[in-house]
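Here is the structure we will look at.
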Amino acid sequence: MNRDWHAAHPMPPRATWEQRVAWHREHAAACGCRRPPPDVVAELDREAASVADPPAPAGQHG
Ligand SMILES: [Zn+2]
């Protein structure tokens, strides 16, 4: 468990959905002492899929 990270990043007591997703995204990268809840995992997976779009093919000049 990354105690320094947790000390610096407390979960807000009335966190919004976006704040929770952002918190778990950073937590997974910095610590990962526990898995996020399934709904957050699904949201992070969706974001990862949208970021992983294949690059556009090079322009073709005929
Ligand atoms: Zn942790």
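The values are calculated or read from the model by the stated rules, or taken from the named source; none is laboratory data. Keep in mind it's a predicted model, so treat the numbers as computed, not measured. No Cβ is skipped: glycine too gets one built from the backbone with ideal geometry, and neighbour counts run over all protein chains shown. Just so you know, the surface numbers come from the protein's heavy atoms only, side chains and all, with ligands and any DNA or RNA stripped out. Shrake-Rupley method; radii C 1.70, N 1.55, O 1.52, S 1.80 Å.
A compact table of results
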| quantity | calculated |
| --- | --- |
| Value of [θ]222 nm, deg cm²/dmol, for the chain, DSSP H segments ≥ 4, -39500 (n - 2.57) each, nearest 500 | -16500 deg cm²/dmol |
| Net length gained if the chain between Val51 and Asp39 were fully extended (0.36 nm per residue, minus Cα distance) | 2.4 nm |
| Glu18 accessible area, 1.4 Å probe, all protein chains in place, Å² to nearest 10 | 120 Å² |
| Gain in span if fully extended, Ala29 to Asn2, counting 0.36 nm per residue against the direct Cα distance | 8.7 nm |
| With Cα atoms, 0 to 90° folded angle of helix 17-30 axis to the chain main axis | 90 degrees |
| Net charge dipole size for the chain [Lys, Arg +1 and Asp, Glu -1 on Cβ; Debye, nearest 20] | 280 debye |
| Listed residues Met1, Ala30, Thr16: farthest to the positive end of the dipole of the chain (Cβ charges) | Met1 |
| Kirkwood-based shape ratio for the chain, expressed as Rg/Rh from alpha carbons | 1.21 |
